[in-house]
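First up is the structure itself, then whatever we jot down about it.
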Amino acid sequence: MTTSPVTSGLMHPRWDGRRALFEIEDGGQRYACAISIGALQELSSHRHVKPVELLRCFIETRGRIEAIALAKLHARRSGLLGLLSIWAEDVDDLPPAGAPAVAQQAPQAQAMTGTSG
């Protein structure tokens with residue numbers, strides 16, 4: 001008998017022609033999300049145009065993308081449903097990927113509390 005690896009069951013990122021679609025999980029609930037071309041380009045500092053390059057960029061920066069999505073999700077007003085979209089403006093104030101974890105969490109905390117540094 002063979003066993004298959006346990007998977008999270010979350011949708012794998014896919015390109016729909018305008019954005020990358022993906023899911024995040026929070027509190028046992030799944031949330032549909034999308035990230036724009038502009039946001040992916042901001043995260044990677046490169047101007048990708050081919051879908052395979054954009055998906056590669058998504059995979060390379062997935063941790064940061066999911067952190068942004070969670071911060072936006074937690075900042076949403078209760079009861080708002082629908083696709084959670086990440087735009088270039090959402091990544092403008094992020095610290096660089098190599099910054100200490102505390103600095104990377106600061107924008108998330110600000111987004112949740114509505115304060116700025």
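Could you tell me whether Asp93 is at pLDDT below 90, among the acidic types (Asp, Glu) and either exposed (fewer than 15 other Cβ atoms within 10 Å of the Cβ) or touching a strand residue (DSSP E or B) at 6+ places or on another chain (Cβ under 8 Å) (or both)? Here the answer is yes, as Asp93 does meet what is asked. I'm checking my understanding of the structure. Among residues of region 1-43 that are of a type in the set (Ser, Thr, Tyr) and modelled with pLDDT of 90 or more, which one is nearest to Leu54 (Cα to Cα)? That would be Ser36. The single condition from (1) surrounded by 17 or more Cβ atoms within 10 Å (Cβ to Cβ); (2) in contact with a Gly (Cβ under 9 Å, 6 or more places away or on another chain) that Arg30 fails is (1).
Based on this model, can you work out whether Ile65 counts as open to solvent by 60 Å² or more (accessible area, probe 1.4 Å), part of a helix (DSSP H, G or I) and modelled with pLDDT of 65 or more? No.
If the condition is being under 12 Å from Leu73 (Cα atoms) and in a strand (DSSP E or B), then region 24-57 contributes Ile24, Glu25, Asp26, Gln29, Arg30, Tyr31, Ala32, Cys33.
The values are calculated or read from the model by the stated rules, or taken from the named source; none is laboratory data. The shown structure was predicted, so the numbers you read here are calculated from the model rather than taken from an experiment. Quick reminder, even Gly has a Cβ in these numbers, built from the backbone with ideal geometry, and neighbours come from all protein chains shown. Please note that ligands, DNA and RNA were not included when accessible areas were found on the heavy atoms of the full protein model with its side chains. Shrake-Rupley method; radii C 1.70, N 1.55, O 1.52, S 1.80 Å.
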